[in-house]
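Report on one structure; see the data block that follows.
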Amino acid sequence: MIAKLTAEQEATLEKVRDEWLAVGLSTEPADRAAAENGVRAAYRRAGLTPPRVMVWLDSPLAGCIGSAMLRPDQVRDQVWGQVRAQVGAQVWPQVWGHVRAQVRGQVWDQVRAQVRGQVWDQVRAQVRAQVGDQVGDQVGDQVWGQVGGQVWGQVRGQVGGQVGGAVWGQHDAGFLGWCDALHRIGVTIDVEGLSLVARNAGWWWPMRDAAILTDRPETLHRDPQGRLHCTTGPALRYRDGWGVYAVHGVRVPADLIEDGWDVQRVLSEGNAEVRRVAIELTGWDQFIHAAGMQLVASAPDPGNSPHTLELYDLPDRLRDMYDDEARILLCTNGSVEPDGARRRYGLPVPAHHDDPVAAAADLYGWPVEAYRRLEVRR
């Protein structure tokens, strides 16, 4: 039994973590031959006959549609309806026709529980009372935090609930990285098949006599915190054009990024997080004036002359954007942007404030009189 890791083993964990982060975030085209070999190995490991037919599709959305085609009619019709609602009536015929041509005439029988579940039971039994938690903290959790928490979660959210039968391929990097790390420090684990698929392809659907495999994304954009983020197009885009739009990890409708929203569209949005993102993309200073928000008070900014601090009431339609009652403090950035301008930005402050200087002091955690005595920024 391994009770404590050596320095060499500790260094191995960092190496494994970086390797599997690269797997989970890869945008390289799939290596189809290698991935198919991994599928065959995973089936054999689960005691199943490898599939005779491998069907390749371009995205998890296409994979969901393709797998639905192989289900019993009553399940298939329900899934089609839900996926069709996700992609829109205009796009649906094109997606349907493309996928249908590639998967017609095959049979459905879900074996994911056997392909992945047996491996999980083996891993859990072997690492109990050993160093599984430590490896999980340093490899599995760190990789999952960047790959699963953002990329997998956003893809799953975008295609709705139609992914229950999928094995996550590259987006299983947290689990497979954890297994790989344990294997390299001496805990024998056989995830060779699953790992081979993950290193070479995206999501896949195991079935009797057939498997649906999908390519990896074509582009992936993240912010410095590792969250999906792009303000000019999809943050995650697959080779068939399907993708996920997100701003700092918040999934948003495509038209917010592609077309921009006016004030009425922002105010009509039901999701508070999406509304907040839409306002930030517009710019609080522009939105405040376009929406006719009520000015509570204004005052010179003691630390940023000659600029002012302005305190505004939120419209009723925006009050649910924050956990507590809030007003918006409109400030001017102390530093100059590359184009020479100074950006104006809005910050939520507790609603009890009616003095913008006191509200600004509260944001910094300073006594208000101390904030009033700040030297003017030079």
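Under the shape rule built on the C-alpha gyration tensor, where the axes satisfy a ≥ b ≥ c, the stretch 292-372 is oblate, since a/c reaches at least 1.5 while a/b does not exceed b/c.
Judged by the mean number of other Cβ atoms found within 10 Å, the most tightly packed of the peptides 47-55, 352-360 leads the ranking 352-360, 47-55. Peptides 318-324, 278-284 ranked from most to least packed give 278-284, 318-324, packing being the mean of other C-beta atoms within 10 angstrom over each peptide's residues.
Taking other C-beta atoms within 10 Å as the exposure proxy, THR308, THR232 rank THR232, THR308 from fewest upward.
For the peptides 18-25, 270-277, the ranking by mean Cβ contacts within 10 Å, running from highest to lowest, is 18-25, 270-277. By other beta-carbon atoms within 10 Å, ranking TRP56, TRP178 with the fewest at the front produces TRP56, TRP178.
For ALA297, nonlocal amide neighbours, meaning residues 5 or more places apart or on other chains whose placed amide H falls under 5 Å from its own, are LEU311. Residue order for THR231, THR214, fewest other beta carbons within 10 angstrom first, comes to THR231, THR214.
Read-outs throughout are calculated quantities, based only on the coordinates presented, and are distinct from any laboratory measurement. As the structure is a computational prediction, the values presented were derived from the model and not from experiment. Note that we place each Cβ from the backbone using ideal geometry, even for glycine, and neighbour counts take in every protein chain shown.
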